Amino acid sequence: MARYLFAFNGPLPLPADDLRLIQQQTQLLDTSRRTVLVDADTEQHIQSLAQQLPDWTVSPEIVVPIPGTRPTVRSTPD
């Protein structure tokens with residue numbers, strides 16, 4: 001399963017009918033003021049859902065690893 005973000009581009013609040021449709025066709029993981037995080041089976045399923053929701057923008061979730069800030073020894077002392 002892959003995670004996708006649905007970003008709402010219309011006036012707030014989020015439409016209840018749109019949220020209900022998203023929840024029926026995907027697994028709803030989290031919501032915020034304008035964004036919904038979902039888990040879905042296939043990208044085709046997400047694209048067909050996106051076509052039904054014209055006020056929403058869909059993008060795959062991108063995970064960026066946090067760089068390690070722990071000091072390391074670059075070379076051994078002579």
Notebook entry, point to check: Taking Cα atoms, how many degrees apart are the long axis of helix 43-52 and the longest axis of the chain, rounded to 10 and kept between 0 and 90?
Noted result: 40 degrees
Note to self: Output the 0 to 90 degree angle, nearest 10, between the alpha-carbon long axis of helix 16-25 and the longest principal axis computed from the alpha carbons of the chain.
What the structure shows: 70 degrees
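Using 0.36 nm per residue, how much length does the chain from GLN44 to VAL64 gain when fully extended, once their Cα-Cα distance is taken away? Can you show the working numbers first?
Details: separation 20, 0.36 × 20 = 7.20 nm, distance 2.45 nm.
Taking 0.36 nm per residue and subtracting the Cα distance, the gain is 4.8 nm.
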Item checked: Most mobile listed residue (ASP41, ASP55, ASP17) in the chain, GNM with C-alpha springs under 10 Å -> ASP17
Checklist line | Matching label, Rg and Dmax of the Cα atoms in Å computed from the structure shown, candidates [x] 18.8, 69; [y] 11.9, 33; [z] 29.7, 88 | finding: [x]
Next item on the list: Over the stretch 2-60, calculate the relative contact order: mean separation of alpha carbon pairs under 8 Å at least 6 apart, over the residue count, as a percent.
Entry: 50 percent
Next item on the list: Quick one: among ILE62, ILE46, ILE22, which has the greatest mean-square fluctuation in a GNM of the chain with alpha-carbon springs under 10 angstrom?
Entry: ILE62
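Readers should treat all values here as calculations from the given coordinates under stated rules, not as data from a laboratory. Owing to the predicted nature of the structure, the values given are computational and were not obtained by experimental measurement.
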